[in-house]
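Input: a single structure, listed below in structure tokens.
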Amino acid sequence: MFNNNPFTGAFGLDFGDLSLKLVRLEPVKKWGKPSSFIIKDMSIVSLPPGYIVNGEIQQPEMVRQKLMLLLGKNGHGKKISSPWVVADLPEPKTFLTSIELEIPPEQITKEDIEYQCQKHLPIDLNETYIDWQTIKQTEKSKFTRVLIGAAAKTIADSYTYLLESTGLHPIALEIESLSIARSLSTNTVDQAGAILDLGATRSSIIIYDKGGVRFSTTINFSGELINTALIQQLKIDYKTAEEMKINNGLNYNKTYPNYLKIVDELVNGLVEDIKKTIIYYHDHHSQTTPIEQIDLCGGISGMQNLISTIARRLKIKCDLGNPWKNVNTKNMSAEQRKFGPTLVTATGLAMRATLNPYNE
């Protein structure tokens, strides 16, 4: 059987600074293999600012109560009965990159990886959890490409403790960018691309090449950054800034003539960060392929004129990523579908949870 997952009902759980998101999937069988998935459960709970800040849990008991609400364990909403969960670790508190070793894949040891981490990565091994996997290569080479993920022990342990305090059993904690790539990337061996995840409080860029994720990093752009700039420079309140951002995007506002200039400057900064990231990737990784497309996701990815503006300034094809690429949407309501861009990470986590999580 294609699905030997012993964790019945396992689901994906995405931790954001301003929300918790849950997705549980069921595979659709076709010729003995999973051709797609259908959504069995999908829910979102908002978090007040300050509960989780830049991926760090600041108010654990408050977050725990919100998580209980999400799980339906306080008598409200549909109860999630399965204790098995695959959750993400926040991008700002993790590190993901690929390296090449002149060692056959079957001979690579944990010590080899740790040695390379000490040489090349800005991390303290005593304070970090390390995980790694070899990447399949299409051409013969004396080098083996290895994807390395790292997370601070304090961060990973805090999320594990939080999950266990609600009766959940984390079967895997995954770096956020891998979950996003699972949902959106084409994963073709002859094309390189990037995923731009634009969130409420933080954003990241993920580069995939030759069939897998090669690099990811955070970038200084977010919905809250736009709101703060509008509040400070236009002397307006938060609600007005949020509504203006949603309604105008990158369009002129007659009431506030300086609105477009403020937002445009922030988008220019975003474009420059993308350029620097792509240059860094090509300079520090071997056998790279030119980036041919950028897919956008996240809560603010649908801002009016944002995609066309980024594409024009980068001279790279850009499009809104399809959050339901692997999900059968036939029986989904319009209300459910509209949450797609914000559920990309949770869906990627749920895909791993639905199949055997240890096979990833």
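Of the trypsin sites (Lys or Arg not before Pro) found in the range 122-228, those that fall in a DSSP loop while having at most 12 other beta-carbon atoms within 10 Å are 136, 140, 142.
Annotation for the range 131-225: GluC sites (Glu not before Pro) lying in DSSP loop with at most 13 further Cβ atoms inside 10 Å of their Cβ are 139. Rounded to the nearest 5, the antiparallel percentage of DSSP beta bridges internal to the range 185-296 is 70%. In terms of the mean number of neighbouring beta-carbon atoms within 10 Å, the peptides 61-67, 312-318 order highest first as 61-67, 312-318. Taken over the C-alpha atoms, the range 62-102 has Rg and Dmax values of 17.1, 56 angstrom. For the range 69-201, the share of DSSP beta bridges that are antiparallel, to the nearest 5, is 70%.
In debye to the nearest 20, how big a dipole does the chain give about its Cα centre with +1 on each Lys and Arg Cβ and -1 on each Asp and Glu Cβ?
Approximately 1280 debye in magnitude.
Could you work out how far the C-alpha centroid of the range 309-339 sits from that of the range 59-75, in angstrom? Here the two parts' Cα centres lie 30 Å apart. Solvent-accessible surface of the chain, taken per residue with a 1.4 Å probe and all protein chains present: 49 Å². Modelled spin-label separation between residue 280 and residue 111, with each label point placed 7 Å from Cα along the Cα-to-Cβ direction: 3.3 nm. Pop out the carbon and sulfur fraction of the accessible area of the chain as a percent, whole number, probe 1.4 Å. Whole-percent figure for carbon plus sulfur exposure: 50. Add -39500 (n - 2.57) for each DSSP H run of 4 or more in the chain, then divide by its residues: what number comes out at 222 nm, to the nearest 500 deg cm²/dmol? The helix-only estimate for the chain comes to -10000 deg cm²/dmol at 222 nm. Specify whether the C-alpha gyration tensor of the range 294-360 places it in the rounded, prolate or oblate class, a ≥ b ≥ c being the square roots of the eigenvalues: rounded for a/c under 1.5, otherwise prolate if a/b is larger than b/c and oblate if not. Because a/c hits 1.5 or more and a/b fails to exceed b/c, the range 294-360 counts as oblate. Starting from the Cα gyration tensor of the range 235-296, take the square roots of the eigenvalues, sort them a ≥ b ≥ c, and report rounded, prolate or oblate (rounded when a/c is under 1.5, otherwise prolate if a/b is larger than b/c, else oblate). Prolate shape, in that a/c is at least 1.5 and a/b is the bigger ratio.
Cross-linked pairs 78/325; 73/153; 40/325; 21/338: Cα-Cα separations exceed 18 Å for 78/325; 73/153. Shape class of the range 116-234 from the alpha-carbon gyration tensor: oblate, with a/c at 1.5 or above and b/c at least as large as a/b. For the chain, DSSP calls about 70 percent of its internal beta bridges antiparallel.
Other residues with beta-carbon under 11 Å from the beta-carbon of residue 47 carry, at +1 per Lys or Arg and -1 per Asp or Glu, a net charge of +1.
The values are calculated or read from the model by the stated rules, or taken from the named source; none is laboratory data. Fair warning: this is a prediction, and the values are worked out from it, not measured in the lab. Note that each Cβ is placed from the backbone with ideal geometry, even for glycine, and that neighbours are counted across all protein chains shown. Remember, those area values only see protein heavy atoms, side chains included, never the ligands or the DNA or RNA. Shrake-Rupley method; radii C 1.70, N 1.55, O 1.52, S 1.80 Å.
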